[in-house]
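Just below is one structure, and these are the notes that go with it.
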Amino acid sequence: PPTRRIHTACLGIAGPIEGRRAKVTNLPWQLDADKLASEFHLGQVQFINDFAAIGHGVPLLSEQDLCILQSGEPLAQAPKAILGAGTGLGKALLFWCHDHYRVIATEGGHNHFAPCHGLQVELLQYLRQRYERVSEERLLSGQGIQNIFAFLQQKNQTEIGTAMQQALQNADPATVIAAFAQEKHHAIAVQCLQLFCEIYGQCAGDLALSCLARGGIYVAGGIAGKIRAFLTASDFLKAFNAKGRMTALMQQIPVYLILNPRIGLLGAMQQAYLFARNK
């Protein structure tokens with residue numbers, strides 16, 4: 001049978017998009033939608049930000065796709081926001097427009113990291129020796145877990161142990177650290193993941209305040225789902241709500257953990273369908 005041609009493709013790109021071109025933040029890739037369409041014989045190619053894709057997928061989620069971290073008191077048609085740590089840190093905003101939510105892409109993961117207590121100040125000082133600018137992504141990402149672990153190891157001046165040393169040589173370091181924190185109760189790994197979750201919560205709270213997200217904060221990304229039990233038992237929510245005079249308001253904001261790992265694909269697929277129908 002003849003090969004069916006793909007009419008429309010929509011790609012979620014982890015980086016800023018300018019017109020028909022995109023640059024991937026954590027890879028040396030420059031993408032051109034028109035060149036991709038020509039090379040792969042596609043009818044048309046559209047780029048959207050990867051977290052914008054997640055935003056478009058949020059209305060498609062069912063109750064089974066979400067874990068409620070804080071019920072709050074959601075308001076209909078109120079702003080919503082998404083953030084998620086994975087290879088990097090992504091954020092997106094959703095605002096009600098006429099009869100649907102409009103998704104706004106951002107590069108908010110590159111906001112400056114703002115420490116909230118002494119240990120975090122020390123962490124910032126440590127990272128400033130490594131990076132010219134310390135963004136939230138330097139802590140809330142796979143590389144961020146490694147950064148926090150290295151800081152704590154230096155601060156505590158302890159050996160990480162033979163078993164963990166061997167594991168770090170054979171697998172992704174962030175995955176190893178998270179596994180040792182959850183399964184083997186390695187002291188530095190546990191402290192590392194606790195600090196990671198605390199910073200995650202306070203950054204999620206800052207995002208909620210920035211757009212008054214009474215519709216809810218949605219936590220996505222590749223890390224949160226893998227450490228779900230640890231995250232829910234951590235100080236994530238305590239840090240989320242700890243906003244001084246705004247604490248009572250923060251407690252009214254729903255917080256959800258997205259469990260569906262295909263959320264970005266769902267959103268991109270939905271956008272491809274709308275592009276194909278010229279909507």
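The values are calculated or read from the model by the stated rules, or taken from the named source; none is laboratory data. Since the structure is predicted, the reported quantities are computational estimates derived from the model, not experimental observations. Reconstructed Cβ throughout: ideal geometry from the backbone, glycine too, with neighbour counts over all protein chains shown. Protein only, heavy atoms only, side chains kept; ligands, DNA and RNA dropped before computing areas. Shrake-Rupley method; radii C 1.70, N 1.55, O 1.52, S 1.80 Å.
Of the beta bridges in segment 74-223, as assigned by DSSP with both residues counted there, near 70 percent are antiparallel.
So, counting K/R as plus one and D/E as minus one, what does the shell of residues with Cβ under 15 Å around GLY201 add up to? Spell out each step's value before the answer.
Working: positive: LYS91, ARG228, LYS238, LYS243; negative: GLU136, GLU198, ASP206, ASP235.
Residues close to GLY201 contribute a combined charge of 0.
Within the chain, which DSSP H helices have Cα atoms that stretch 24 Å or more along the helix axis and a mean Kyte-Doolittle hydropathy of at least -0.5?
Working: long enough: 187-211 (37 Å, 1.12).
Length and hydropathy pass: 187-211.
For segment 10-43 and segment 177-244, what is the separation of their Cα centres, given in Å? The distance from the Cα centre of segment 10-43 to that of segment 177-244 comes to 32 Å.
Take the Cα pairs of segment 47-206, get the Kirkwood Rh, then feed it into Stokes-Einstein at 37 °C and 0.692 mPa s and tell me D in µm²/s.
The estimated diffusion coefficient comes to 188 µm²/s.
Tally Lys and Arg at +1 and Asp and Glu at -1 over the other residues with C-beta under 14 Å from the C-beta of GLY225: what net charge comes out? All intermediate terms of the calculation are to be shown ahead of the outcome.
On the way: positive: LYS226, ARG228, ARG262; negative: ASP65.
That works out to +2.
Proximity of backbone amide H atoms, modeled 1.01 Å from N, is registered between ILE13 and ILE48, ASN49, ASP50 at under 5 Å, excluding neighbours fewer than 5 places apart on the same chain. Surface composition of the chain: carbon and sulfur atoms hold 52% of the protein heavy-atom accessible area at a 1.4 Å probe. Counted by Cβ distance under 12 Å from GLN77, the other residues give a net charge of +2, where Lys and Arg count +1 and Asp and Glu count -1. Each Cα pair under 8 Å and six or more residues apart adds its separation to the average, and for the chain the resulting relative contact order is 27 percent.
Go through LYS184/LYS238; LYS80/LYS226; LYS80/LYS238; LYS23/LYS238; LYS155/LYS184 and tell me which ones have a Cα-Cα distance over 30 Å in this structure. Mind showing how you got there, number by number?
Working: LYS184/LYS238 25 Å; LYS80/LYS226 23 Å; LYS80/LYS238 20 Å; LYS23/LYS238 36 Å; LYS155/LYS184 21 Å.
Exceeds cut-off: LYS23/LYS238.
DSSP beta bridges fully contained in the chain are about 60 percent antiparallel. The residue among CYS203, GLY142, THR8 whose Cα reaches farthest toward the positive pole of the charge dipole of the chain, with charges on the beta-carbon of Lys, Arg, Asp and Glu, is THR8.
With the other protein chains left in place, how much accessible area per residue, in square angstrom, belongs to segment 27-130 at a 1.4 angstrom probe?
On the way: 5740 Å² over 104 residues.
So segment 27-130 comes to 55 Å² accessible per residue, rounded to a whole number.
Sequentially through segment 227-235, phi angles give Karplus couplings (6.51, -1.76, 1.60; θ = phi - 60°) of 10, 3, 5, 5, 4, 5, 8, 8, 8 Hz, Gly and Pro residues having no value and appearing as x.
Assuming a ≥ b ≥ c are the square roots of the Cα gyration tensor eigenvalues, decide whether segment 114-183 counts as rounded (a/c under 1.5), prolate (otherwise, with a/b larger than b/c) or oblate. Present the calculation step by step, with values, prior to reporting the outcome.
Working: a/c = 2.12, a/b = 1.68, b/c = 1.26.
Judged from the Cα gyration tensor, segment 114-183 comes out prolate (a/c at least 1.5, a/b above b/c).
Secondary-structure-derived ellipticity at 222 nm for the chain, considering helices only, amounts to -12500 deg cm²/dmol, per-run term -39500 (n - 2.57) for DSSP H runs with n ≥ 4.
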